[in-house]
Amino acid sequence: MGQTIRNTMQYAWDKTGTGAVYSKMISRNIVAPVLEETATNVTASQEIAKKQTTYQFWNGPDSLIKPYQVLTSTRGGTPEIHLTFNDYDPFGNLKAYTGRDSLRKSYIWDYSNRYPVAEVVNADSSQTAFAGFEYADAIYNSGGWSFNYSYNSSNYAMTGSKSYPLSSGNITRSGLASTTYIVSYWSRSGSAT
């Protein structure tokens with residue numbers, strides 16, 4: 001005897017009245033993401049699996065709308081957190097998430113915030129930094145470092161086309177927790193401290 005399986009999908013307009021974020025998704029025409037998908041064995045009247053993606057506002061109610069959590073369940077069980085999206089940058093790029101294994105992964109974006117240049121495991125995005133000096137500016141492309149953006153040299157670049165002479169000022173990172181960090185860098189003339 002055959003079984004009938006039905007897949008049901010819900011979108012933002014199916015969630016109106018359940019939160020301001022879903023109404024705002026509709027007003028911004030963010031209607032394509034599947035917010036809930038359920039597979040049901042109609043013949044046995046049993047839910048097989050469900051996947052829910054919750055959304056929230058990031059950086060205030062009139063800013064980014066991005067996923068917050070992905071929850072999954074099987075056979076009508078209690079939904080379990082599969083992924084938690086911890087942070088996004090002002091451009092909507094994912095900066096950090098935590099998987100089901102509780103391991104946090106963070107991303108650093110460069111090249112005018114278009115490409116991820118590093119994935120860092122077991123660290124929050126506030127604990128990571130990277131600078132290739134290619135697209136550095138004072139607002140978004142410092143990779144988490146503070147340095148004199150006006151002086152990116154094309155001399156002695158190890159990769160890409162830019163480098164930074166420490167004679168132009170220190171490279172620093174503030175707001176770090178008191179713990180041990182690993183800092184790696186290329187140096188043309190010995191170690192820098």
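The values are calculated or read from the model by the stated rules, or taken from the named source; none is laboratory data. Keep in mind that this is a model prediction, so the values were computed, not measured. Cβ: placed from backbone, ideal geometry, glycine included. Neighbour counts: every protein chain shown. These area figures cover heavy atoms from the full protein model, side chains too; ligands, DNA and RNA do not enter into them. Shrake-Rupley method; radii C 1.70, N 1.55, O 1.52, S 1.80 Å.
On a per residue basis, the chain carries 63 Å² of accessible surface, using protein heavy atoms and a 1.4 Å probe. The alpha-carbon atoms of the chain define a convex hull whose volume equals 179 cubic angstrom per residue.
Please quote Rg/Rh for region 1-70 to two decimal places, taking the Kirkwood radius as Rh and restricting both calculations to Cα atoms.
The Rg/Rh ratio comes out at 1.12.
Show me the chymotrypsin sites (Phe, Trp or Tyr not before Pro) within region 1-96 that DSSP assigns to loop and that have at most 14 other Cβ atoms within 10 Å of their Cβ.
On the way: sites: Y11, W13, Y22, Y55, F57, W58, Y68, F85, Y88, F91; in loops: Y11, F91.
Within region 1-96, the qualifying chymotrypsin sites (Phe, Trp or Tyr not before Pro) (loop, at most 14 other Cβ atoms within 10 Å) are F91.
The charge dipole of the chain, taken about the Cα centre with unit charges on the Cβ atoms of Lys, Arg (+1) and Asp, Glu (-1), comes to about 100 debye, rounded to the nearest 20.
This model, with +1 at the C-beta of Lys and Arg and -1 at the C-beta of Asp and Glu, gives region 27-77 a dipole about its Cα centre of some 80 debye.
So which of K24/K105; K24/K50; K15/K50; K66/K162 end up more than 26 Å apart by C-alpha?
On the way: K24/K105 29 Å; K24/K50 24 Å; K15/K50 16 Å; K66/K162 34 Å.
K24/K105; K66/K162, as the Cα separations exceed 26 Å there.
Write down the Kirkwood hydrodynamic radius of region 28-121, to one decimal in angstroms, obtained as one divided by the mean of 1/r over all alpha carbon pairs. In region 28-121 this quantity evaluates to 15.1 Å.
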